[in-house]
Structures are given as C-alpha cells and as structure tokens.
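The values are calculated or read from the model by the stated rules, or taken from the named source; none is laboratory data. Here the structure is a predicted model, which is why all the values come from computation and not from measurement. Note: ideal-geometry Cβ built from the backbone for every residue, glycine included; neighbour counts use all protein chains shown. Each accessible area value is taken on the protein alone, full model and side chains, heavy atoms only, with ligands, DNA and RNA left out. Shrake-Rupley method; radii C 1.70, N 1.55, O 1.52, S 1.80 Å.
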Amino acid sequence: MIYLDNAATTFPKPEIVYEKITEAMRDYGANPGRSGHDLSMRMNREIFNARMAVTRFIGGDDPMSLIFTLNCTDSLNMAIFGLAEQGDHVITTAMEHNSVLRPLTYLEKQGIIELTIVEAAPNGMVDPKDIEAAIKENTKFCVTTAMSNLVGSILDYKEIGKILKEKNIYYILDAAQGLGYLPINIKEDPVDLLCFPGHKGLFGPMGTGALYIKGDIPLKPFRIGGTGSFSLELDPPEILPDRYESGTENGPGIIGMGAGAEFLEKIGLEKIRKHEDHLKDLLIKGFENIEDVVLYGPGGKNQGPVVTINIKGKDSSEAADRLNDMGIAVRAGFHCAPLSHKTIGTLELGAVRFSLSYFNTEEEIQETIQAVEKIAKEER
C-alpha cells in the first residue's frame, strides 16, 4: 500500500515510537503520579521526559506549560472554551477545520460570543490585513490554522500574530498540519496558545496531543477531576500542568509522542521539509501534465505537503476508491472543512487529497501519478 493520507495520521511511524510504546505497556504500564511504587514512578518519569522532548521541539522554555490532551481537537476546545467569555468578539478564517469552526459556532449560537469569519482567496490563502480589518474593540482572541488541511495553504501566522499582539488580542494557533513541517517556535513566534496533535507531524500514536500555554493566560479549566495532587482539596489545583490534566493520562501514547519528537530532532526539520517539498513538487508537476485533472491550492512555497485534486467527470469518492483498488491510500470528500471547500469551489464535488510524509518515496509518487493518469483516461 502506498500511504498518502498523512494529513489524517502519519503512517508508518518511526521504529523507535513503536518500541517505546511497547516498552511502556509491557515493562511499567502503571498509573502515573497516583502511587509511590516503582512502576508508577517510572511511568511518571518517562512522561516527564516526553514532556521535555515535546516542549524542546516546539521551542518552549517551560515544560510545565505543556498540557497533554487527547488530540488537537481537545487542545482547541480547551483553549477556546477556556478563553471565551460573555460578550467577547472572536476572529477566525474560512480555511479552518471543524475543530475550530464547531466550537466557535456553538459559542456564537449560545449568544456567548460574536464571531467574524475572514474569507480566503480561492487558492486558500488568507491576507493578514483582512484579519486586522476584522478587529473590534471587544475582540478577545483569534484562532487560525497554521496550514490548511485541505489544500496545504500556509497562513502567515507570524504576521497575523504580530498584528494581534499590537492590539493585545490572544492568538490561538492550530498547528495540526503545520507542526513537523513548519519551523514553529512558541518562544519566538507571536502565538499565545499552541494546539497540536501527536499523531500527525510528530509521528506519535492516535489519541495524543498537547496545548502549550505561553505566559500567564487565565484559562478556565476544561476538564475537572482527580490529578493525583492536592487530593484533599475539592477545587482544581492552580499549578500547571495539573490544573488542566485531570484523569489518567495516556502514558504509553505520550511516551510514543515524545519519541516522535526526538526522532524529528535527530533527523532535522529542514531535511524533512526539503524531502516533503520535493515530493510535493513532483506530484504537482505530474498532475499538471494530466488532462482532466484539476489542481487546487497556491503551489510553490505557500503550499505544504498536501496536494488536492479532482478528476473531471469523476466523483471524488469514486476516484479515491479506484486508487485504493490500485493500492494507494488517499482521502476524498470534505475533510471536516466545509468553508474551505466553499472557498475553493468544491462544496458539491468534494476533492481527493494526497498528503505526504518523510517516509514516502519518489517511486511512490511516480506510481501515484501513473495511477491518476489511468483513472483520468477511463471511460466516464
């Protein structure tokens, strides 16, 4: 199988990730931070090591400000519901995933916030000036993706953050697609809350993610319960990360996520990005030469390792099924991003998405191009 669905979850994972998860499950699979015996303490130490590795990878300077979550959706919900208060104005864009759009729409329908959705160009690019123009006196925060999950368009999150910082507006960055490809640095970038999953660019397992809180931001706890600390108190603890990490954590998953971050550090982000960009450019060039293939996205340096197409006369799901029959895994449909599809003009058609990883090869890309060409030539 040629796996080109890495925007959903990366596969395969580095071998060290599998090894670390298995080791944690077999050798010290006890509840962390709840008991004083050796197995529990070992799990606690290994989770802390993962916390350090992930914090280091994102350029953070305080591992206790890294909150482990279930996934990026969980992180975004923690950030959005933690910040939102009655009467706030919030800004987002039309290129967002439903992990952003649904919580914000929910808050808007509840009458808690006023929401402005900034439009994007047909190629998926967002002009930071349009976000600046949307700012009001009561704007509390802005949420944007770093990179579109539909067409790979890269938002100028640094410029957006700079604009917001000048107005004392919080910036939540959804790095679900960008982390592991873009050089995101939470210490240097004008971002207040960084949300990301473990199972995509970090090469960790599903069911993992994190939220990094930069500075003293007054977030309301999203989930309240046992933390293994301050157990005699009925109020949630004030210290981080305990305040936001109630309940038993996915210890083996977090350890695997940390191993993924260490793998990325070892290989180097520049090398990974260079390889993925090379494959992306090969794929785009190959598709451009196929009659009846429609390409979406900005292309060039403004597009990450996501290539999205339609084949004229073919339903996107039909095309994806044919590719699956040929041993090529992609994703068709609407990608949990309805406004993005409206922006690029595929709200009725859907689209076929090819998303790349460090573990893909040139040979796989050439075989994929040939498969799409064969489908495009089939009788309609």
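Before moving on, here are some points about what is shown:
- Note on the range 285-297: residues that are touching a strand residue (DSSP E or B) at 6+ places or on another chain (Cβ under 8 Å) and surrounded by fewer than 18 Cβ atoms within 10 Å (Cβ to Cβ) total 4.
- Some residue of the range 356-372 being modelled with pLDDT under 95 and either closer than 21 Å to Ala8 by Cα or open to solvent by less than 10 Å² (accessible area, probe 1.4 Å) (or both): no
- Taken over the range 104-114, residues that are part of a helix (DSSP H, G or I) and open to solvent by 10 Å² or more (accessible area, probe 1.4 Å) amount to 4.
- Top-ranked residue of the range 205-255 - restricted to ones that are among the β-branched types (Val, Ile, Thr), touching a helix residue (DSSP H, G or I) at 6+ places or on another chain (Cβ under 7 Å) and in a loop (DSSP other than H, G, I, E, B), ranked as modelled with the highest pLDDT: Thr208
- For first residues located in the range 356-380 and in a loop (DSSP other than H, G, I, E, B), partners that are of a type in the set (A, V, I, L, M, F, W, C) and lie 6+ apart or on another chain with Cβ distances below 6 Å form the pairs Leu356/Leu279; Tyr358/Ile272; Asn360/Leu279.
- Considering Ala133, Ala175, Ala210, the condition of being surrounded by 24 or more Cβ atoms within 10 Å (Cβ to Cβ), hydrophobic (A, V, I, L, M, F, W, C) and within 30 Å of Gly345 (Cα to Cα) is satisfied by Ala175 alone.
- Subset of the range 305-348 (residues that are over 17 Å from Tyr3 (Cβ atoms), touching a strand residue (DSSP E or B) at 6+ places or on another chain (Cβ under 7 Å) and either acidic (Asp, Glu) or surrounded by fewer than 19 Cβ atoms within 10 Å (Cβ to Cβ) (or both)): Lys312, Ser317
- Test: residue in the range 154-164 that is under 29 Å from Ala8 (Cβ atoms), open to solvent by less than 10 Å² (accessible area, probe 1.4 Å) and among the hydroxyl-bearing types (Ser, Thr, Tyr): no
- Within the range 222-277, the set of residues being open to solvent by less than 70 Å² (accessible area, probe 1.4 Å), under 20 Å from Gly60 (Cα atoms), touching a residue at least 60 places away in the same chain (Cβ under 8 Å) and charged (D, E, K, R) comprises just one member, Glu245.
- Sole residue being open to solvent by 10 Å² or more (accessible area, probe 1.4 Å), under 20 Å from Ser355 (Cα atoms) and at pLDDT 95 or above, chosen from Lys187, Lys200: Lys200
- Any pair with Cβ under 8 angstrom, 6 or more apart, that starts in the range 292-318 at a residue that is closer than 28 Å to Ile272 by Cβ and ends at one that is assigned to a strand (DSSP E or B) and open to solvent by 50 Å² or more (accessible area, probe 1.4 Å): Val307/Leu295; Thr308/Leu295; Ile309/Leu295
- Test: Gly313 is at pLDDT below 95 and not aromatic (Phe, Trp, Tyr): yes
- Of the helices (runs of 4 or more DSSP H) lying entirely inside the range 1-93, the ones with 1 or more residues being without any contact (Cβ under 8 Å) to a residue 40 or more places away in the chain and open to solvent by less than 20 Å² (accessible area, probe 1.4 Å) are found at 38-57.
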